[in-house]
1. Could you state the number of Å between the C-alpha centres of segment 51-120 and segment 183-204?
2. Cut-off is 10 Å between beta-carbons; in what order do 208, 153, 232 appear when sorted fewest neighbours first?
3. If you restrict to DSSP beta bridges whose two residues both lie in segment 186-283, what percentage is antiparallel, to the nearest 5?
4. Measuring from the lowest to the highest alpha carbon on each principal axis, how far does segment 126-274 reach, largest first, in angstroms?
5. Nearest 0.05, what FRET efficiency do residue 214 and residue 265 give at R0 = 22 Å with Cβ-Cβ as r?
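Coordinate-derived values only; no laboratory data. What you see is a predicted model, and the numbers here were worked out from it, not measured in a lab. Cβ placement follows ideal geometry from the backbone for every residue including glycine, while neighbour counts extend to all protein chains displayed.
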Amino acid sequence: MHESSDRKARPGRRRVRGLLAAVVSVAALAAVTTPGIASAAPTAAAAYGVEQTSVSRLLVSGFGGGTIYYPDASGPFGAVAISPGFTATESSIAWLGPRLAEQGFVVFTIDTNTIYDQPASRGDQLLAALDYLTQRSSVRGRVDASRLGVMGHSMGGGGTLEAAKERPSLKAAIPLTGWNTDKTWPEISTPTLVIGADGDSIAPVLTHSQPFYTSLPGTLDKAYLELNNATHFTPNTSNSTIATYSIAWLKRFLDGDTSYNSTLCPGPGPSLTVDEYRSTCPF
């Protein structure tokens, strides 16, 4: 399909701004652009305005359509596809679209073929979404097809691991309170940030996120972030800790921006929002 296949053409496109994009202090702008304080960049201010376009499920195959968020600049940018979890829809992870796009990524938050799809299917759908994004979407010219990543919540997080296993060329993977019956992932060669939650009773970290992380190759660039005072559904609402470290991971491994090593290595200590962090630093 051609550019006109997206449900919204340019006249119908809605403009989205991050919560802090309208009023930005001089200090916040400095935090975005000054090397050495990259850890402030994800939460200090929006680096770009954000536009979005909807993609109807009727016009795609292999996944359920969704919404593409992208910076208001020509790029090209790295891109990431994000899957919701079991019985959930795109709306459950929609907050990540503008939050990541305002930092310089093209973001495709997707619906799945059915709300009951299992992780393996969600992994295939994430890859189908990336293929659509880079080959057929109206914003394909803004995407660097060599810099792609995947994210997902719950079974979408399990699907994130499946996608990384299936397509080693991916540059970054971030499962969010992921769920999968497969607990071991020694085949993955994609830099992976596993995010779990200390109060998760659906995908407890002891049987999901922690085994996922420890089973990844020891030679891999990987990190484990366990959220404090959090639940399985914490990734479904705006969360500064998730945003900060997800953006840092994508900046480091999609964009190759080594200044973000200062955010990821050695990483955060225990706090009101972080229970545990470990990694294979230095990256």
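1. Taking the Cα centre of segment 51-120 as reference, the centre of segment 183-204 is 21 Å away.
2. On the way: 208 25, 153 31, 232 21.
So the ranking, lowest neighbour count to highest, is 232, 208, 153.
3. Numbers: 5 of 11 bridges.
Antiparallel bridges: around 45 percent, rounded to the nearest 5.
4. Cα spread of segment 126-274 along its principal axes, largest to smallest: 41, 34, 33 Å.
5. Approximately 0.70, to the nearest 0.05.
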